[in-house]
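Okay, structure first, notes after.
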Amino acid sequence: MTPGSVTDRFVGDLPVTDAEGAAALVADDATVLTSGFGSVGYPKAVPLAMAEADRDRSLTVVSGGTVGDEIDTDLLETGAIDRRFPYQGTRAARDAVNEGSVAYGDRHVGGVADEVSFGLLADADVAVVEAVAVGEDWLVPSTSVGQTPAFVEAAPRLIVEVNRAQPLELARFHDVYRPSAPPDRDPIPLSAPDGRIGDPFVPFDPERLVAVVETDRPDSPYEFRDPTDDDLAIARHLADFLADEVTRNPVLAESVNLQFGVGSLGNALMGELSGLDVGDRTLGYFGEVIQDGLLDLADRGRLAYASATSLALSRDGQRRLFDDLDRYATEFVLRPTDVSNSPALVDRFGVVAVNSALEVDVYGHANSTHVDGSRVINGVGGSGDFTRNALVSVLALPSTASDGAVSRVVPMVPHVDHTEHDVDVIVTEHGVADLRGLSPRERAAAVVERCADPSVRPALEAYLDRADEGGGHEPHDLDTAFDWR
């Protein structure tokens, strides 16, 4: 099958039913694997039917990444979800996790396919996935690929939602390749970021297909806030850094492959790089999500290609994409997460990774997930997959929060998602601290001088002076560090 040969939504003799009938097939204590990444491409009708059914459920839900309200609000608020992996992105889910009513395990999403495939995270009972077309032994994913191939392979039972609100032509974006299992895992045979090595469909054992549901419910669009003055200043500093980096880093002599984290800041940074001077080098994207900012770069002729696992777009971005699918399908490709986030490929293509954080400390450790070290926001997602394995790892964030009342550059972060060993560069609206080749004391001086807000620099410098009195390789004054908050 080729992308162009997918012309029908339903092919073959299929067990078509309604959402209520499919929901009834899910055991009350099941481990449910769902498609979805970046709040798109997730099942909608079956989770809503499960939420409306009067049953006492205790589900474990494992998604590919972020999903929408149908799962993490409507179904969750019925008390049906006891355990959740590896990422959540709604207020209802966040509150339930922080209250302890839902047991949540935050995971690097690049490893979830293996963890599920080998029974290391949860033993799957059923996969519920969204598609634009289905046959007797294959399905075509919709706006995200995510963990769908691994989940379909791992689950003994499969329910497919075929969503008519998603264009059938999305098949042209997909490049589905499944890595083999260790210890005989072959290298992923992708030699170029825009290459294709797989199929537009996900195969499955036809005996596992228990229900097909027809739906017509669009993805909830991603909502990006307008760039702030700080965002624009960060973008300017980042562009200056990248322009200098491409001239002096020999790995970037022919091409520059960027990755940006999910969210409003990452989207703003993508959109503001149209003036980035890379000379005659190819500018591409190898990451997790295609957001509106990448559409902007592509529309301006600045982006040669984009490889990701999800189309996490605003309402306007969805309209732009769907109105010009033929063109975008030649520039964009969607892969499974264990390919898009593969450490080997991030290294192979010399990716320059740009992610954000809640806060960083003076030595370069970063907290991306937990407010005050305790209350989780969403999860680490794929930021660790790229931060750890990139050619150059950049963390970009405003220097303050709460209208300047809270410094996001602190003596010691209370929760560490990315260690000093994995963070090369920090960018705020005040400047750039390139930490490569520096000792801890030198790193601290650079972070305070170039990235901290001027209003807190004297306090941070005083902290470092007190900490230095105690000596050590990475000096700390723990009493002051814990009181800083």
Practice item. For the range 216-256, run through the GluC sites (Glu not before Pro) and keep only the ones in DSSP coil with at most 16 other Cβ atoms within 10 Å of their Cβ. Key: Glu223, Glu254
Review point. Using the heavy atoms of the protein chains alone and a 1.4 angstrom probe, what is the accessible area of the range 41-164 per residue in square angstrom?
Key: 31
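Round to the nearest 0.05 the FRET efficiency obtained for Glu99 and Asp18 when R0 = 35 Å and r is the Cβ-Cβ distance.
Efficiency, rounded to the nearest 0.05: 0.55.
Counting only DSSP beta bridges with both residues in the range 321-465, what percent are antiparallel, rounded to the nearest 5? Each step should come with its number before you reach the end.
On the way: 11 of 20 bridges.
Looking only at bridges with both residues in the range 321-465, the antiparallel portion is about 55 percent.
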Exercise for review: Would you mind getting me the FRET efficiency between Tyr177 and Asp324? Use the beta-carbon distance for r and R0 = 22 Å, nearest 0.05.
Suggested key: 0.25
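Can you give me the Rg/Rh ratio for the chain, using Cα atoms for both radii and the Kirkwood formula for Rh?
Values: Rg = 22.7 Å, Rh = 23.1 Å.
Checking Rg against Rh, the ratio lands at 0.98.
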Check your understanding: What distance in nm separates the simple spin-label points at Ala27 and Glu52, each placed 7 Å from Cα in the Cβ direction?
Key -> 2.6
Revision key, fill the gap. Ordering 372-379, 39-46 by per-residue average of other C-beta atoms within 10 angstrom, highest first, gives 39-46, 372-379
**Study point:** For the range 395-469, projected area of the alpha-carbon convex hull averaged over all directions, nm²
**Key:** 5.0
Study note, to complete from the structure: In whole angstrom, largest first, the equivalent ellipsoid semi-axes that the Cα gyration tensor gives for the range 37-131 are 19, 15, 14
Review point. Peptides 310-323, 129-142: what's the order by average Cβ count within 10 Å, highest mean first?
Key: 129-142, 310-323
Check your understanding: What ranking do 177-188, 421-432 get when scored by the average of other Cβ atoms within 10 Å per residue, highest first?
Key -> 421-432, 177-188
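Nearest 0.05, what FRET efficiency do Ser455 and Ser274 give at R0 = 45 Å with Cβ-Cβ as r?
With R0 = 45 Å, the Cβ-Cβ based efficiency is 0.90.
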**Study point:** D_trans [Stokes-Einstein, Kirkwood Rh over alpha-carbon pairs] for the range 107-254, 4 °C, 1.567 mPa s, µm² s⁻¹
**Key:** 70
Revision key, fill the gap. Here the range 258-362 gives, from Cα atoms, an Rg and Dmax in Å of 13.7, 48
Revision key, fill the gap. The answer for the range 276-399, accessible area per residue at 1.4 Å probe in Å², is 28
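Summarise the accessible area of the chain (1.4 Å probe, protein heavy atoms) by the percent that is carbon and sulfur. Present the calculation step by step, with values, prior to reporting the outcome.
Numbers: 8270 of 18630 Å².
Of all accessible area on the chain, carbon and sulfur atoms account for 44 percent.
Compute for the range 1-40: radius of gyration divided by Kirkwood radius, i.e. Rg/Rh, restricted to C-alpha atoms, rounded to two decimals.
Rounded to two decimals, Rg/Rh equals 1.08.
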Practice item. Could you work out the relative contact order of the chain, using alpha carbon pairs under 8 angstrom and six or more residues apart, expressed as a whole percent? Key: 14
Study note, to complete from the structure: Nearest 10, in degrees from 0 to 90: the angle of helix 229-248 to the longest Cα principal axis of the chain is 80
Point to revise | Value of Rg to Rh for the range 129-170 (Rh from inverse mean 1/r over Cα pairs, i.e. Kirkwood) | key: 0.94
Review point. When DSSP assigns beta bridges and you keep just the ones with both residues in the chain, what percent turn out antiparallel, to the nearest 5?
Key: 25
Review point. Dipole size in debye (nearest 20) for the chain around its Cα centre, Lys and Arg Cβ +1, Asp and Glu Cβ -1?
Key: 640
Practice item. May I ask you to work out the translational diffusion coefficient for the range 378-438 at 4 °C, viscosity 1.567 mPa s, via Stokes-Einstein with Rh from the Kirkwood sum over Cα pairs, reported in whole µm²/s? Key: 101
Point to revise | Taking the C-alpha atoms of the range 328-485, convex hull volume expressed per residue in Å³ | key: 131
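The values are calculated or read from the model by the stated rules, or taken from the named source; none is laboratory data. Just so it is clear, the model here is predicted, and its values are computed rather than measured. With ideal geometry, Cβ positions are generated from the backbone for all residues, glycine too; neighbour counts draw on all protein chains shown. Heavy atoms of the whole protein, side chains included, go into the accessibility calculation; ligands, DNA and RNA do not. Shrake-Rupley method; radii C 1.70, N 1.55, O 1.52, S 1.80 Å.
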